[in-house]
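The values are calculated or read from the model by the stated rules, or taken from the named source; none is laboratory data. If you're wondering where the values come from, they're calculated on a predicted model, not measured in any experiment. When we count neighbours, we look across all protein chains shown, and the Cβ atoms used for this are built from the backbone with ideal geometry, even at glycine. We work out accessible area using only protein heavy atoms, side chains counted, and drop any ligands, DNA or RNA first. Shrake-Rupley method; radii C 1.70, N 1.55, O 1.52, S 1.80 Å.
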Amino acid sequence: MKQYVAEFFGTFWLVLGGCGSAVLAAAFPGLGIGFVGVSLAFGLTVLTMAFAIGHISGCHLNPAVSIGLWAGGRFPGSKLAPYIVAQVAGGIAAGAVLFAIASGRAGFDVSAGFASNGYGEHSPGGYSLAAALICEIVMTMMFLLVILGSTDERAPKGFAPIAIGLCLTLIHLISIPVTNTSVNPARSTGVAVFAGGWAISQLWLFWVAPVIGAVLGAFAYRIVGSRDR
């Protein structure tokens, strides 16, 4: 049970820190952190939580990561469902807190997006569904490669949180213009349920693409990371 609670709070922090930076600080007049700052915020949430709860739950914070670790032989299938439930619950709880905070500002309009992920007219750069699908699959695949490689018993010890946090930062730097960056179904769900409308109707892509990418990343690491016989 401690593992599931840790995943709840870890995912809560990821969504509150990452999406909170996008909603509250990205475009703040004169002092906005922009998408570079948002990218760093997402990376820092994973970096800090990896050190805080990595020894308790493994710090997945992401249904796609849990599925990818299972596909890579690093995680038991019996824990998949409760991990995913805890992660999604943490994401929605963070979305609720962020909504309560953001609503305290005059003129707040949740229909503007609320840091939701989207494609087509709801992509920050106007990218198509196909472009969004490819982007999310490839970014999640590379994320799993980094996770599996940096946590391999043969990798340098103690540096995995740094590699994983910086990888997520890089992923956001690349893909915020395309989809607002998901690579994490819990992150997407946590804000979409409050944005409603188009964010809910497009949410399917941000479950399907990260899961496909995670499984591909796991299989890729099984090839490149296999021990020489």
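So in region 20-36, with the set limited to residues that are in a helix (DSSP H, G or I) and among the hydrophobic types (A, V, I, L, M, F, W, C), which one is surrounded by the most Cβ atoms within 10 Å (Cβ to Cβ)? Here the answer is Ala22. Scanning region 39-75 for residues that are small (Gly, Ala, Ser), part of a loop (DSSP other than H, G, I, E, B) and touching an Asp or Glu at 6+ places or on another chain (Cβ under 9 Å) turns up just one, Gly58.
Among the residues here, Gly58 qualifies as at pLDDT below 95 and at positive phi.
Of the residues contained in region 114-122, none is found to be open to solvent by 70 Å² or more (accessible area, probe 1.4 Å), among the charged types (D, E, K, R) and assigned to a loop (DSSP other than H, G, I, E, B).
Candidates are the residues of region 37-89 that are of a type in the set (Ser, Thr, Tyr) and free of Cβ contacts under 8 Å to residues at least 24 places away in the same chain; the one that is most open to solvent (accessible area, probe 1.4 Å) is Ser78.
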